[in-house]
Amino acid sequence: MADSLARRTIILRVDGENPESEKISVAAEIIRKGGLVAFPTETVYGLGADALNPNAVKGIYLAKMRPLDNPIIVHVANREDVYRLAAEVPRAAEKLMETFWPGPLTLVLKASNIVPRITTGGLDTVAIRMPRHKVALALIRVSERPIAAPSANLAGRPSPTLAEHVIRDLYGRIDAIIDAGPTNIGVESTVLDLTQDPPQILRPGGVTYEDLRDVLGRVSIHPAAASISEIHIRYARSPGMKHKHYAPRAEMVVVEGDLETIIRKVRDLAEQYTRAGRKVGILATDESMQKYSSGIVKSLGSRSNLAIAARNLFRLLREFDEEGVDVIIAEGVPEEGLGLAIMNRLRRAAGYNIIKAE
Ligand code: AMP
Ligand code: MG
């Protein structure tokens, strides 16, 4: 870690339901001065800076070691800001804002010329969302700045759903961390490109494909968004698609198929790896976790409640790392609803190391 990056990091513990205004003011002052503040949103923790200050935004890339061509989502607390940040706001965008904001939906629009190119990773589009978290909204309002914020992890690592995850990755590299406990949704926002016709999902997330289809009628899913294979990444439209992401330190494999065949395959693999002297972690579900007799077994929750599974996902990947697991075997889930976002994260965390169980 280069010394020039070293910063003194303050930790502000804040009530997520009733954020203390003195603490928000301290954090907002840091944002106004061009500093870096990690804060909770309803999806994951974000690393925020003044979106219109190129130097401040550059600090985000440096602190996270994020590739400079991976654009950053701009967070707003009111809809008027969208009209300043975007060159065009189509009718569909207005409809989506009415329906899903504040919430886990990011809209990609043509950028206006007030948005620095470092914020958009050099693109002529800007990604904007309004988070549904009192701390995030208070921070944006009090700082009186749109806040650029990617997830508050080192690039490539699982996204942070607890302030402890941010501390582990970024303590000493940023100015402040606002801790308001665990985030609710646990996977990032859905990124929807409204410069395409029909609108295209670039990253599945907290707002589902089905939700969007109900409002828009027609929605496409970028092939890389499902992340079935690395091949699709060549056609990446969202630069984030092609970078290594969500990866635990352990090697990882995702086993997909129907539940019975998944269980059989996971047991086989766990035994093989264990025999080879490797420490095995199994990412299971409530319905299957009793079926495994080797390895460290953790459950995402019930297959009938994928909202809970999404909330637990990144934390459990980090826990396996903390426990020194060499290889994580993860069960796949059906790709309906939040399942699409969960499978996108699992497949990418595994570096597309996917086994179809038969
Ligand atoms: P993060 O906030 O780190 O979880 O990542 C933000 C995601 O949004 C990345 O996958 C980016 O590539 C994507 N993104 C941000 N801005 C744009 C944009 N203007 N066009 C397409 N994708 C974008
Ligand atoms: Mg990220």
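Just so you know, all these numbers are worked out from the coordinates, no wet-lab data involved. Predicted, not measured: the structure shown is a model, and the values here were computed from it. Cβ atoms come from the backbone with ideal geometry, glycine included; neighbour counts cover every protein chain shown.
Taking a ≥ b ≥ c as the square roots of the eigenvalues of the Cα gyration tensor, the stretch 19-163 is rounded, since a/c falls below 1.5.
Over the chain, the alpha carbon radius of gyration divided by the compact-protein estimate 2.2 N^0.38 Å works out to 0.97. Exposure proxy for 320, 100: other Cβ atoms within 10 Å of each Cβ, ordered fewest to most, give 100, 320. Over the chain, dividing the summed -39,500 (n - 2.57) contributions of all DSSP H runs of at least 4 residues by the number of residues returns a 222 nm mean residue ellipticity of -9500 deg cm²/dmol.
Full extension of the segment from residue 278 to residue 356, taken as 0.36 nm per residue of separation minus the current Cα-Cα distance, would add 25.9 nm.
Placing one equal scatterer on every Cα of the stretch 131-189 and applying the Debye formula, the log10 ratio I(q)/I(0) at q = 0.12, 0.18 Å⁻¹ is -0.29, -0.68. Pair-distance distribution of the stretch 268-358: all C-alpha pairs, bin width 10 Å, starting at 0; shares per bin in whole percent are 16, 52, 29, 2. So how tilted is helix 91-100 from the main axis of the chain? Cα-based, degrees 0 to 90, rounded to 10. So the inclination is approximately 70 degrees. Between the stretch 176-229 and the stretch 29-48, the C-alpha centres lie 21 angstrom from each other. Computed over the chain with a Gaussian network model linking Cα atoms closer than 10 Å, the most mobile of 35, 186, 122 is 122. If you restrict to DSSP beta bridges whose two residues both lie in the chain, what percentage is antiparallel, to the nearest 5? Of those bridges, close to 35 percent are antiparallel. Taking amide H as placed 1.01 Å from N in the peptide plane, residue 287 has its amide H under 5 Å from the amide H of 303, each at least 5 places away in sequence or on another chain. Couplings 3J(HN,Hα) for the stretch 68-79, derived from phi with the Karplus relation 6.51 cos²θ - 1.76 cosθ + 1.60 (θ = phi - 60°), are 5, 8, 9, x, 10, 6, 9, 9, 10, 10, 8, 6 Hz, where x marks Gly and Pro. Roughly how many Å is it from the Cα centre of the stretch 118-167 to that of the stretch 322-358, as a whole number? With the stretch 118-167 and the stretch 322-358 each reduced to a Cα centre, they are spaced 25 Å.
Annotation for residue 17 and residue 94: the two label points, set 7 Å from Cα along the Cα-Cβ direction, are 3.7 nm apart.
Cβ crowding within 10 Å ranks 60, 308, 201 as 308, 60, 201, fewest other Cβ atoms first.
Amide H to amide H distances under 5 Å link residue 203 with 191, where only residues 5 or more positions off or on other chains count and H is placed in the peptide plane. Here the residues 24, 282, ranked from fewest to most Cβ neighbours within 10 Å of their Cβ, fall in the order 24, 282. Rounded to whole numbers, the Karplus 3J(HN,Hα) couplings from phi for the stretch 259-272 are 4, 4, 6, 4, 4, 4, 5, 5, 4, 4, 4, 4, 5, 4 Hz, using 6.51 cos²θ - 1.76 cosθ + 1.60 with θ = phi - 60°, and x at Gly and Pro. 3J(HN,Hα) couplings calculated from phi for the stretch 112-123 with the Karplus curve 6.51 cos²θ - 1.76 cosθ + 1.60 (θ = phi - 60°) are, in sequence order, 7, 7, 7, 8, x, 5, 5, 5, 9, x, x, 7 Hz; Gly and Pro show x.
Once the chain from residue 144 to residue 124 is taken as fully extended at 0.36 nm per residue, the excess over their C-alpha distance is 4.8 nm.
Amide H contacts for residue 111 (H built 1.01 Å from N in the peptide plane; partners 5 or more residues away or on another chain; cut-off under 5 Å): 87, 125, 126. Applying a DSSP loop filter and a limit of 11 other Cβ atoms within 10 Å to the GluC sites (Glu not before Pro) in the stretch 126-197 leaves 144.
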